[in-house]
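See structure below.
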Amino acid sequence: MSIEKLTNEVRREQIARAALHLLATQGLNGLSMAALARSVGIVPSAIYRHFRNKEEVLDAVVDALRQRLLGNVRVVMEESDEPLDQLRRLLALHVRLILEHHSLPRMLFSGEIYAGHPERKARLLATIQAYLAEVAAIIRNGQAQERVRPEVSPETAAVLFLGVIQPSAILWHLSEGTFDAAKHVERAWPLFRQAIAVQ
């Protein structure tokens, strides 16, 4: 890979992360090419070397979300071979992702982001489905290791896993950060573990 191509990819990632921050703090209306340029520290015309318009930036935000979610899965797989430890750590990383990017609940549940863009909605759905598939694979591995009960449906347990996170993320978002999402997830983990683990 050439240095120029690598530099372009790094800059695109920086712009996508800046877009996440702007979505979090100012909403979709606050996401402009000029605001992005200020956030990244470049002139507005430089943004157009990487993205043709705001719609391409929003597509890159969805891609950045996918990379972060699946990257978190890779991290926990490298940290531990024990499936229940992997799931516990993945919960913590998911909460950290939400706390770092206030925009995630807004992006996931706002029609503004994908209204009139069925392909972006499909990409967002595919991102969530890919994440759920990875969680289900961890649970399936837990069954193979006899750590997770064999009668548990990995796909259902994966959705339940996401359900430990999403309500607290929504409450945290609606309360403008006063609801302690991290503490809620920490307290919910033993309940989830008890629901799936071999006793």
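Could you list, ordered by first residue, the pairs with Cβ atoms under 9 Å in which the first is in region 76-102 and farther than 22 Å from Asn141 by Cβ and the second is in a helix (DSSP H, G or I) and modelled with pLDDT of 95 or more, at least 6 apart or interchain?
Going by the 9 Å Cβ cut-off, the qualifying pairs are Arg96/Asn72; Leu97/Asn72.
In region 39-50, is there at least one residue being within 29 Å of Leu174 (Cβ to Cβ) and open to solvent by 30 Å² or more (accessible area, probe 1.4 Å)? Write out each step before concluding.
As a first pass, look at region 39-50 and keep what is within 29 Å of Leu174 (Cβ to Cβ): 39.
Applying the additional criterion that residues be open to solvent by 30 Å² or more (accessible area, probe 1.4 Å) yields 39.
Yes, some residue in region 39-50 is within 29 Å of Leu174 (Cβ to Cβ) and open to solvent by 30 Å² or more (accessible area, probe 1.4 Å).
Looking at region 134-169, which of its residues are in a helix (DSSP H, G or I), touching a residue at least 24 places away in the same chain (Cβ under 8 Å) and open to solvent by 80 Å² or more (accessible area, probe 1.4 Å)?
Correct list: Val159, Leu160.
Could you check how many residues of region 70-89 are farther than 17 Å from Tyr131 by Cβ and either surrounded by 20 or more Cβ atoms within 10 Å (Cβ to Cβ) or aromatic (Phe, Trp, Tyr) (or both)?
1
Any residue at all in region 173-180 that's crowded, with 19+ Cβ neighbours inside 10 Å and closer than 27 Å to Ala16 by Cα?
yes
Can you name every residue in region 145-181 that is of a type in the set (Gly, Ala, Ser), touching a helix residue (DSSP H, G or I) at 6+ places or on another chain (Cβ under 8 Å) and modelled with pLDDT under 85?
Passing the criteria: only Ala169.
Show the residue pairs that are 6+ apart or on different chains and have beta-carbon atoms under 7 Å apart, the first residue being within region 38-58 and among the hydroxyl-bearing types (Ser, Thr, Tyr), the second being open to solvent by 60 Å² or more (accessible area, probe 1.4 Å).
Within 7 Å, the pairs are Ser39/His21.
Looking only at region 49-77, how many residues end up being more than 24 Å from Ala126 (Cα to Cα) and in a helix (DSSP H, G or I)?
0
Looking for something in a helix (DSSP H, G or I), more than 18 Å from the chain's Cα centre (by Cα), over 30 Å from Glu134 (Cα atoms) and among the charged types (D, E, K, R) - is there at least one such residue anywhere in region 29-48? Show your work before the answer.
Residues of region 29-48 that are in a helix (DSSP H, G or I), as a first pass: 29-30, 33-40, 44-47.
Among the residues that remain, those that are also more than 18 Å from the chain's Cα centre (by Cα) are: 29-30, 33-40, 44-47.
With the extra rule that they be over 30 Å from Glu134 (Cα atoms), the set shrinks to 29-30, 33-40, 44-47.
Next cut, among the charged types (D, E, K, R) only: 38.
Looking through region 29-48, at least one residue is in a helix (DSSP H, G or I), more than 18 Å from the chain's Cα centre (by Cα), over 30 Å from Glu134 (Cα atoms) and among the charged types (D, E, K, R).
The values are calculated or read from the model by the stated rules, or taken from the named source; none is laboratory data. A quick note: this is a predicted structure, and the numbers were derived from the prediction, not measured. For neighbour counting, all protein chains shown are included, and Cβ atoms are generated from backbone atoms with ideal geometry for every residue, glycine included. These accessible areas exclude ligands, DNA and RNA; they are computed on the full protein's heavy atoms, side chains included. Shrake-Rupley method; radii C 1.70, N 1.55, O 1.52, S 1.80 Å.
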